[in-house]
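Only one structure is covered here, and it is reproduced in the block below.
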Amino acid sequence: MPKARIARLAGLILLAATAPALAADALKVTPPKLEVREHKLANGLDLLMYEDHSVPAATVEVWYHVGSKDEKKGRSGFAHLFEHLMFKGSANVGPEEHKNFISSIGGRYNATTDFDRTLYYQSFPSNYLERVLWMEADRMRSLDVSDENFKSEREVVKEERRLRVENPPFGRLFGVVLDKTFTTHPYRIETIGSMADLNAATIQDVRDFHSTYYVPNNATVVVSGDLNPEQTVQWVEKYFGSIPKGKPIPRDIPKEPAQKAERRAVDYHPNTPLPAVVITYHIPEAIHPDIYALQVAGNILSAGESSRLYRRMIYEKQMAVAAGGQTIALEDPGVFFFYSILQPGQKPEDAEKELLAAADKLRGEPVSDAELVKAKNQFISELVFGRQTAQDKADAIGNAKVILDDVTLVNRQVAEYQKVTAADVQRVARTYLTPENRTVVYMLPESMRPKTGEKSEEKKP
Amino acid sequence: MSTPRSWKTTLTAAGLLLATAAAGLAQAAPAAKKATPPPPAAAKEIHFPSFEQKTLPNGLRVVVIEQHEQPLVSLRLMMNAGKAYEPAGKAGLAEATASLVTKGTATRNAQQLAETIDFVGGNLGASTGIEAAYATAAVTADQIDLGFDLLSDVVLHPSFPQDELERWRRQALSGLQIDLQNAGYLADNALRKLIFGDYPYGRPTAGTAQSLAGLSREDLASFHQRFWVPGGAILAVVGDVKPADAFARAERAFGGWKKGDVAELPALNAPKSDKPRIVVIDKPDAVQTEIRLGQVGIAYRDPDLFTAEVYNVVLGGNPSARLYEEIRRKRGLSYGAASFFQQETQPGFFEVSTFTKTESTVDALGLAFEVLHGLQEQPVSDAELNPAKTFITGGFPLDVETAEGIAARVLEAMHFGYGREFLESYDDRISKVGAADIQRFARERIHPDQMTVVLVGNASGFLDPLKKKYGEVEVIPAAEVDFLRPDLRAPKP
C-alpha cells in the first residue's frame, strides 16, 4: 500500500523535543526530559544509558554507523543482506541462537538497515541484560557465517525484495524517485538493492564488511529501561572492552553535485494502479538548522485532514486519494518531496500544478500564526506519544547520537522547533523549493503508456 | 485494585525451563568449544497493573488505567459494531459508518472536526474489526476536556452528511482499486470468504465496488442507531488521569447516550468439506505467490484457548517456530511464514500464511502441509515446548509497558466476558499446557486434509506441478474475483 510506503518515508523525519509553550494556543504539556548517561570505551565504542524502572524490562540497541550509502559499486543491497547474516552465528553463539534465545525469554528483537545506519534491537525481561550484552559483543567480535547459510539467507533477502518492491502496487515508486533525484550520491539506490548485485555478493564480501564496519569505533550501544548504570558499564567493559579497535572508517562517499535545472521522468508499469506524481527537492543534511523549518512546512502541507494538501487536493477538488509534502532528513543532504496519488481519470499534469502551487504559496507568503502553532503542537504531541516505551526512548537517543552526532539534541530539538518563525518557513521554501532544484516524476499505470510505439522515458527495473 | 499475585514464580519457572531448552540446543549444535553465557539475574516481581471499572446506568462499562509517565490521555471505545453485524448485502457498511462519524456531527462539520483535533496534535478516529468497532481519541493530558468532548460528539451525534458519504465512497473505491492489485489482500479476503461462506465473518471489511455503490446515508444512520450503543460497549480511559476524575468525565460525556440493546450474533454455519479445496487466483504479473491455508478456528471462550495459543507459537507464532524454520531458514523459500488464530465470540479462523517466488510455490505449500501434519504425528519435545511457553509468558513486562498495551489486554478479556481473574491467571494457564495437549489439539481441532488453500500468483508458473501433486484445483482470474460470492465467482452475465 502506498500509505505504508509513505509512512516509512515520513518515519525518517526527525522528532522534535519540547520547550515552554509560547503562544496562548500552544499545548501546555512538556514531554519528560530524557536523562542520558554516556560512557566511552577505550576501543571507541559509545555506551548510552537511560534508566527507568517502571517495568522490569530493558531494551538493548546496537547501532552500527553503516548503511546503504556506504556500499561499494556493484554491491547494492549489501548492508541489508549483511544485517540478516548477523543472526547466523558467532564464536560462542550458534546460527539462529541469538534470536531463538530472545524469543524464548518472551523478548522481541529485530534489525533494520537504512541509508545511514544498521540497527539491531531487542526488548526483554531485564534480568537477562548481561546475557544480551554478551551475545551482542560476541557477534561484533567474531561473526562466523558458513557459505551455506550465506547462500540460503540471500534467497530470503531476494524474497523480501520481491515482497516489498516487485510484487505490491507502487512497490517501485520509492526506488524510481530516488534514481531520478540523485545522479551521484548512493542515496540514488534503495537500501534493498538490486537482484543482480545481491546475486554477485560473496562470502568474502561478508568478512570484509564485518572487519571494516562492525568494529567498536563504529558502534553505539544504547541500553534503556530497568538497568543499573554502574553494573551496565561494568558488563559492557567486560564483554565489549577487549574487542580490538578497527581501522578508521572509510567515508569516501561521492557527493551529489548541485542540481542546475529541473529534471523530469515518466515511468509506466503494470504495478502502478493509479497515476502518482512525486516532486523532489534537494535539501541539506539532517543536522542543518534549516531542517526544522522544512519540517514545520511538511506538517503544514500534510499533517492531518486540515493540512493544506489534504484539504485542497483530497477534500475540495477530490482529485487525489493521497497527497502531502515531507522532509526526508538524512545524514548527507536529503530531499523534501511532494507526492500525490490520483483518483482514476485525473491528469498528472493537474496534480503537478497543484503541488507546484503549494510550493509557490510557501515561497510567496508567510504561513499563518495558527498553522505555525498547529505544526509545533503536532511535533510536541508526536514526541509525547512517540516516546512511551524503553525502545522508543532508545531509538530517539541512538538517532541523536549516531545520525545527528549530538546526543543532547534528544532534549534540545524542541527549543529549536519553537524558534521557527513564519519568516523562516518562507525563507527555506525560497531557498530549496526552487524550479531548478526539483525533479518531477510521473508514475503511471501501464494502460496510460502511449500506444503509437513512441519511446518513453521509462527505466527498466 | 489488583490482586497482588506474583509474576515472579512464573518468571523463575521460565528461567528453569530455559536451562532445559538451552541444553537441548547445545546437543544439536556442532561440538565446538564454546564459552558459557552469563546466567540471568533473579527475576523481579511484576503484577498485573491496577485498573478500575464502573458501569454507567446506560450499560456502558468504563475502565480506567493510570499511567503517569507521559502527559497523555488515550480514550478507546469498543462497541459490537463490526462487520459481523452488517445486514446481508451491505458489505462495507460497518466500515463506512465508522469512517463517516468523524465527517460531521450535529454541531461540527468535517473540516471543523479535522481542524480541532489537528490543532492540538491529537488523533480522532474510528475503525472496525470483525466484531468490534472502535472509536478513539488520543490527546496530550492538557487537552483531556477536548478529547472527551470530541469523542462523545462523534459517537453520539454524527450527522452522516450526503456529500461526505460521496467523498468517502469515491476514496474507498479508489482504495479498493489499489488493494485489488495487492496479492496479499486478495489472498486474505479470498481465504476468509471461502472458509465462512455466507456467515458474516467471511465478508470483505472494505466491501466491494458493487456493495459500496449500494450504501445510502440511511443505511449508515440506521446501522449507527442500532449498533453504536452503550450496551455491550467498553470505554477504556488510559494515561495521565485519576480514576475518580476519569469516571466523572465519562459520566458527563457518555451518560446521555441512549441505552439500546446488546447486539448478538447468529451461530456459526460455515461450509463443511471432507477434502482440501485449492483455489488459485491467477495474477499473471505476479513474481511471488501469496499462500494461505485455513479453516474455522476456535472461539475465544473455547476451553482450548490456551492450548491453541501454545500450539500456534510452536507452529508459526514466533520467529523460532516450525514454519519459519522449514520454509525460511532451512530452504530460503520465503521472507516470512506464520500461523494465526483469530478468536471471536463464534469460532474465528485459523490460518497459515507465507509467500514465495512463483517457481517454488508448490514446494512451499507442501512444506506448510508437512509441518501441520508433523504436529499431529509426534508430540513436541520439552526443548521446543518450553521456550514456546516462555515466549508468551516472558513477554508480560513488555505487554504492560504502555497504558495502551494494558488496555488492549483488558478490553479483549472484557469483550469476551472475562475479568481480572482471567488476566491474572493467564500465564499460569499457559504454563500448564503439555505436549500431549498440543498433540491432541492438533489431531482433533486442526484438519490439514480438509483445509482451504488459496494461492495468488502467476498460475502458469506452478499450475502443472500443483495439479500433479494435489489433483483438483480451481482457477479464477484475479480480475474476476467477487468477494461477495461464497465461491468467489461473479455470476455469469
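Readers should treat all values here as calculations from the given coordinates under stated rules, not as data from a laboratory. All of these numbers come straight from a predicted model, not from anything done at the bench. With ideal geometry, Cβ positions are generated from the backbone for all residues, glycine too; neighbour counts draw on all protein chains shown.
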Using alpha-carbon pairs under 8 Å, 6+ residues apart, how would you state the relative contact order of chain B in percent? 21 percent
Which order do the peptides B:67-74, A:249-256 take when ranked by the mean count of other beta-carbon atoms within 10 Å per residue, highest first? B:67-74, A:249-256
Mind checking the mean number of beta-carbon atoms from other chains within 10 Å of the Cβ atoms in B:36-46? 6
Please list, in order along the range B:277-286, the HN-Hα scalar couplings obtained from phi with the Karplus expression 6.51 cos²θ - 1.76 cosθ + 1.60 (θ = phi - 60°), rounded to whole Hz, x for Gly and Pro. 10, 10, 10, 9, 9, 7, 10, x, 8, 6
Given R₀ = 30 Å, what would the calculated FRET efficiency be for B:Lys272 paired with B:Val475, taking r from the Cβ atoms and rounding to 0.05? 0.85
Under a plain spin-label model, where a point goes 7 Å from the Cα along Cα-to-Cβ, how far apart in nm are B:His157 and A:Lys353? 4.0 nm
For q = 0.23 Å⁻¹, what log10 I(q)/I(0) does the range B:295-354 give under the Debye formula with an equal point scatterer on each alpha carbon and no solvent? -0.82
Just check chain B against the gyration tensor rule for me: Cα atoms, a ≥ b ≥ c as the square roots of the eigenvalues, rounded for a/c under 1.5, and otherwise prolate or oblate depending on whether a/b exceeds b/c. oblate
For the range B:52-254, shape from the Cα gyration tensor axes a ≥ b ≥ c, cut at a/c of 1.5 then a/b versus b/c, turns out prolate
With a Förster distance of 51 angstrom and the Cβ-Cβ distance between B:Lys467 and B:Lys432, calculated FRET efficiency to the nearest 0.05 equals 0.70
Using a cut-off of under 16 Å, list every residue of the range A:336-365 whose amide N is near the label point 7 Å from the Cα of A:His288 along the Cα-to-beta-carbon line. A:336-338
Obtain the nm distance between the two label points defined at A:His53 and A:Arg264 by a simple spin-label model: each point lies 7 Å from its Cα along the Cα-to-C-beta direction. 6.6 nm
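The range A:263-448: percent of C-alpha pairs farther apart than 19 Å? Spell out each step's value before the answer.
On the way: 10504 of 17205 pairs.
Taking all Cα-Cα pairs of the range A:263-448, the fraction more than 19 Å apart is 61 percent.
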Taking a ≥ b ≥ c as the square roots of the eigenvalues of the Cα gyration tensor, with a/c under 1.5 meaning rounded and otherwise prolate when a/b exceeds b/c and oblate if not, the protein assembly as shown is rounded
Using a Förster radius of 51 Å, what is the FRET efficiency between B:Asp449 and A:Thr408 based on their Cβ-Cβ separation? Nearest 0.05, please. 0.25
Which residues among the range B:167-186 fall inside the zone where the amide N is under 19 Å from a point 7 Å beyond the Cα of B:Ala213, along Cα→Cβ? B:167-181
Where a label projected 7 Å from the Cα of A:Glu148 along Cα→Cβ would reach, residues of the range A:190-209 with amide N under 20 Å: A:202-204, A:206-207
Given contacts defined as C-alpha pairs under 8 Å and at least six residues apart, what's the relative contact order of the range A:199-295, whole-number percent? 28 percent
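Over the whole of B:164-177, what's the average partner chain Cβ count within 10 Å per residue? Rounded to a whole number, please.
Averaged over the peptide's residues, the number is 3.
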With 10 angstrom as the radius, rank B:Phe223, B:Phe416 by how many other C-beta atoms surround their C-beta, starting from the fewest. B:Phe416, B:Phe223
Test item: B:62-71 mean partner chain Cβ contacts at 10 Å: 3
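Once you have the Cα-Cα distance between B:Arg301 and B:Asp245, take 0.36 nm times their residue separation minus that, and quote the gain in nm to one decimal.
Computed gain between B:Arg301 and B:Asp245 is 16.8 nm.
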So what is the 222 nm mean residue ellipticity for the protein assembly as shown from helices alone, if each DSSP H run of at least 4 adds -39500 (n - 2.57) and you divide by all residues, rounding to the nearest 500 deg cm²/dmol? -12000 deg cm²/dmol
Which value in nm describes the separation of the simple spin-label points at B:Glu45 and B:Gln177, placed 7 Å from the Cα toward the beta carbon? 6.2 nm
